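Sharing a structure below in structure tokens format, with a few things to ask.
The values are calculated or read from the model by the stated rules, or taken from the named source; none is laboratory data. These numbers come from a predicted model, not from an experiment. Heads up, the Cβs are rebuilt from the backbone with ideal geometry, glycines too, and the neighbour counts pull from every protein chain shown.
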Amino acid sequence: MTQEIKFTDLGLSQPLLQAINDVGYTIPTPVQAQAIPLVLQGGDLLAGAQTGTGKTAGFTLPILHLLSAKPIELKPGRPRCLILVPTRELAAQVEESVKTYGKYLKHTSMVMFGGVGIGPQHARLKKPLDILVATPGRLLDHLGQRTLDLSGVEILVLDEADRMLDMGFIRDIKKILVVLPKQRQNLLFSATFSDEIKELAEGLLHNPGFVSVARRNTASELVEQSVHLVQQSHKRDLMSHLIKHNDWKQVLIFTRTKHGANRLAEKLVKDGIPAAAIHGNKSQSARTKALAEFKNGTLPVLVATDIAARGLDIDQLPQVVNFELPNVPEDYVHRIGRTGRAGSSGAAVSLVDPEELKLLKDIERLIKREIPKVTAEGFVPPTRLEPEAPRPPRPQQQRRPQGAPGRTSNGPSRSSENRNQAPRSPHAGRDPSRQQRQPSALLSKPVSEQSQKNLSEAARHQAMAQTPIFAPAPIHRGNRNK
């Protein structure tokens, strides 16, 4: 019989063990038990684990140990460890873990992301710094302004690397890698192992250790999955019915678009169900407030887009709903990974329109199982549907010429979330006279359906036709009506 491994068996320092004991942990998760000893050896690491398996502690704990074992004189704005993450929420969560586990050590840490003023970050960078947790866009802002020095980085972590690739951060990551010291320890953590992740790992890691605590791209066995087949126009009513009928006290709902998140939250509130939406257009303070209320249970329903929900860490979230299926099957694994965490059971419900059946088949092929189809007891579809609310226009200054050079930003003016929305018909809900005129060069080279399958979500979005904010009325020359 195999003896159970404890944190005291992993070689961590006493201050770290005391901090672990304070939060009530004694037994490491599988990814922690495998990753921590490998990181402590000082080599590179490629680690794959589903969301909620404890991989954040799998790298923060050994990093804190390594830095404390080799103290040096710190310089302002020159971190020893850089942790790159895709979103603001995940950045805040990781830095919170650094503070929690390092509270008995003298290390200093900082979180850096867009969507907030850069001034306070400038002020913080004027002080000594051990660990920097950052999103790529805002990090490049500081590098461009020369307020940050990465020449002293000893350890680099890419967390949620698969999500960073999906969001189109690969160019930003390459720009950051160029300014880092060549001699460093590299740790790559990912919830899924795609071929793109393997390619990134081959160029980044040197003779890495390998950790994988689940089969490639699999959903947690602790999550009970089900599908409701329902027309798109009836989904909001069905969502309201399911919450009331099942008396759900805490449910996270995923939508494809920010507009869809807003509409669903408004519908639920109208039906007497407290709900809030979080997405890239919400201010950071509004997102933080909604997340805090959802975590402490005062807000029962949180409607979120995929990117906004990254970093949401709740130990026993009982219910996740896919209001629409994601276009990328791996995103389904990420979504339902919000429940069934740390050994707890959970349920994931998907509302599937007939047009989404192909997406459902792709997901079932990925997770290698068929998801049961169920019916909603007592639900009667409405005979009269609510009129479609008009989408608020986007400010004109946010538009960028197609093909213009630029990099990803985490600021409010160009949320990375905009590049991860589901493709929608350019004529859906639009006046045909307002459609954008495409240059003949673009029209002559359409992106084929087959080639789109090989593109990332961000690349597919960039390849689709973009609807203009303002389009002039057509000008008719000559006297054709005479």
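Tally time: how many residues in region 96-110 are touching a Leu at 6+ places or on another chain (Cβ under 8 Å) and either under 24 Å from A292 (Cα atoms) or surrounded by 20 or more Cβ atoms within 10 Å (Cβ to Cβ) (or both)? So that I can check it myself, show each step before the final result.
Filtering region 96-110 for residues touching a Leu at 6+ places or on another chain (Cβ under 8 Å) gives 98, 101-102, 104-105, 107-110.
Adding the requirement that they be either under 24 Å from A292 (Cα atoms) or surrounded by 20 or more Cβ atoms within 10 Å (Cβ to Cβ) (or both) leaves 98, 101-102, 107, 109-110.
Number satisfying all stated conditions: 6.
Are there any pairs with C-beta distances below 6 angstrom linking a residue in region 285-308 that is surrounded by 23 or more Cβ atoms within 10 Å (Cβ to Cβ) to a residue that is assigned to a helix (DSSP H, G or I) and aromatic (F, W, Y), with the two at least 6 apart or on different chains, and if so which?
Matching pairs, first to second residue: L302/F294.
Do we find a residue being outside the structural domain of D362 (by TED's automatic domain parsing), more than 28 Å from P30 (Cβ to Cβ), without any contact (Cβ under 8 Å) to a residue 12 or more places away in the chain and in a helix (DSSP H, G or I) anywhere in region 188-196? Spell out how you get there, then give the answer.
Of all residues in region 188-196, those outside the structural domain of D362 (by TED's automatic domain parsing) come to 188-196.
Filter again for more than 28 Å from P30 (Cβ to Cβ), leaving none.
Checking region 188-196: not a single residue is outside the structural domain of D362 (by TED's automatic domain parsing), more than 28 Å from P30 (Cβ to Cβ), without any contact (Cβ under 8 Å) to a residue 12 or more places away in the chain and in a helix (DSSP H, G or I).
Here are T53, T60: which of them is touching a residue at least 12 places away in the same chain (Cβ under 8 Å) and buried (at least 24 other Cβ atoms within 10 Å of the Cβ)?
Details: T53 fails: buried (at least 24 other Cβ atoms within 10 Å of the Cβ).
Of the residues listed, the single one that is touching a residue at least 12 places away in the same chain (Cβ under 8 Å) and buried (at least 24 other Cβ atoms within 10 Å of the Cβ) is T60.
The rows are residues; the columns are (1) within 26 Å of the chain's Cα centre (by Cα); (2) at pLDDT 95 or above.
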{"residue": "L40", "(1), (2)": "no, yes"}
{"residue": "P71", "(1), (2)": "no, no"}
{"residue": "K75", "(1), (2)": "no, no"}
{"residue": "A91", "(1), (2)": "yes, no"}
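Keeping to region 85-126, report how many residues are among the charged types (D, E, K, R) and closer than 27 Å to T53 by Cα.
Initial filter on region 85-126 (among the charged types (D, E, K, R)): 88-89, 95-96, 99, 103, 106, 124, 126.
Still in the list and also closer than 27 Å to T53 by Cα: 88-89, 95-96, 99, 103.
Looking only at that region, the number is 6.
Which numbered condition in (1) out of contact with any strand residue (DSSP E or B) (no Cβ under 6 Å at 6 or more places or on another chain); (2) assigned to a helix (DSSP H, G or I) is the only one that A91 fails?
The single condition A91 does not satisfy is (1).
Take region 148-180 and flag every residue that is more than 25 Å from Q32 (Cα to Cα), among the acidic types (D, E) and part of a helix (DSSP H, G or I). Even if it seems obvious, please write down each step before you answer.
Initial filter on region 148-180 (more than 25 Å from Q32 (Cα to Cα)): 148-152, 166-180.
With among the acidic types (D, E) added as a condition, the list becomes 149, 166, 172.
Listed by number, the residues that qualify are D166, D172.
Tell me yes or no: at least one residue of region 131-141 is in the same structural domain as L66 (by TED's automatic domain parsing), of a type in the set (S, T, N, Q), part of a loop (DSSP other than H, G, I, E, B) and closer than 19 Å to S285 by Cβ. Outline the logic, then answer.
At the first step, the residues of region 131-141 found to be in the same structural domain as L66 (by TED's automatic domain parsing) are 131-141.
Cutting the leftovers down to of a type in the set (S, T, N, Q) gives us 135.
Filter again for part of a loop (DSSP other than H, G, I, E, B), leaving 135.
Keeping just the survivors that are closer than 19 Å to S285 by Cβ gives 135.
Looking through region 131-141, at least one residue is in the same structural domain as L66 (by TED's automatic domain parsing), of a type in the set (S, T, N, Q), part of a loop (DSSP other than H, G, I, E, B) and closer than 19 Å to S285 by Cβ.
Here's another thing I want to ask about it. It is to be established whether one or more residues within region 331-342 are under 24 Å from V116 (Cα atoms), of a type outside the set (K, R) and either modelled with pLDDT of 90 or more or outside the structural domain of D159 (by TED's automatic domain parsing) (or both). Steps first, answer last, please.
Our first condition is that a residue be under 24 Å from V116 (Cα atoms); within region 331-342, this holds for none.
Scanning region 331-342 turns up no residue that is under 24 Å from V116 (Cα atoms), of a type outside the set (K, R) and either modelled with pLDDT of 90 or more or outside the structural domain of D159 (by TED's automatic domain parsing) (or both).
Might you let me know whether region 20-28 holds any residue that is within 16 Å of S97 (Cα to Cα), assigned by TED's automatic domain parsing to the domain that holds S194, free of Cβ contacts under 8 Å to residues at least 12 places away in the same chain and not in a helix (DSSP H, G or I)?
Yes - at least one qualifying residue is present in region 20-28.
May I pose another question? Of all strands (runs of 3 or more DSSP E) completely enclosed by region 205-295, which ones contain at least 3 residues that are of a type in the set (S, T, N, Q)?
Values: elements: 209-212, 223-229, 251-254, 275-278.
No strands (runs of 3 or more DSSP E) qualify here.
Still on this model: Which residues, taken from region 50-69, are within 22 Å of the chain's Cα centre (by Cα) and part of a helix (DSSP H, G or I)?
Pass one, region 50-69, residues within 22 Å of the chain's Cα centre (by Cα): 50-60.
Within region 50-69, K55, T56, A57, G58, F59, T60 qualify.
Go through (1) among the hydrophobic types (A, V, I, L, M, F, W, C); (2) buried (at least 19 other Cβ atoms within 10 Å of the Cβ); (3) under 17 Å from S109 (Cβ atoms) for I72 and report which single condition fails.
If we test I72 against (1) among the hydrophobic types (A, V, I, L, M, F, W, C); (2) buried (at least 19 other Cβ atoms within 10 Å of the Cβ); (3) under 17 Å from S109 (Cβ atoms), just (2) comes out false.
Give the residue, chosen from V116, V98, that is of a type in the set (A, V, I, L, M), in a loop (DSSP other than H, G, I, E, B) and closer than 27 Å to D162 by Cβ. I'd like the intermediate steps shown before the answer.
Numbers: V98 fails: in a loop (DSSP other than H, G, I, E, B).
After ruling out the rest, the residue left standing is V116.
Give D141, D159, D149 a once-over and let me know the one that is over 18 Å from P76 (Cα atoms) and acidic (D, E).
Working: D141 fails: over 18 Å from P76 (Cα atoms); D149 fails: over 18 Å from P76 (Cα atoms).
Answer to the check: D159.
Can you tell me which residue within region 181-201, out of those that are modelled with pLDDT of 85 or more and surrounded by fewer than 11 Cβ atoms within 10 Å (Cβ to Cβ), is farthest from L38 (Cα to Cα)?
K182
Additional query: Which condition number does P15 fail, the rest of (1) more than 28 Å from the chain's Cα centre (by Cα); (2) touching a residue at least 24 places away in the same chain (Cβ under 8 Å); (3) surrounded by fewer than 16 Cβ atoms within 10 Å (Cβ to Cβ) being met?
The one condition P15 does not meet is (3).
Being surrounded by 24 or more Cβ atoms within 10 Å (Cβ to Cβ) and assigned to a loop (DSSP other than H, G, I, E, B) is the filter here; which residues of region 29-49 pass it?
Correct list: A49 only.
Among the numbered criteria (1) small (G, A, S); (2) under 21 Å from G209 (Cα atoms); (3) in contact with a Phe, Trp or Tyr (Cβ under 8 Å, 6 or more places away or on another chain), which one does G42 miss?
Of everything listed in (1) small (G, A, S); (2) under 21 Å from G209 (Cα atoms); (3) in contact with a Phe, Trp or Tyr (Cβ under 8 Å, 6 or more places away or on another chain), G42 misses just condition (3).
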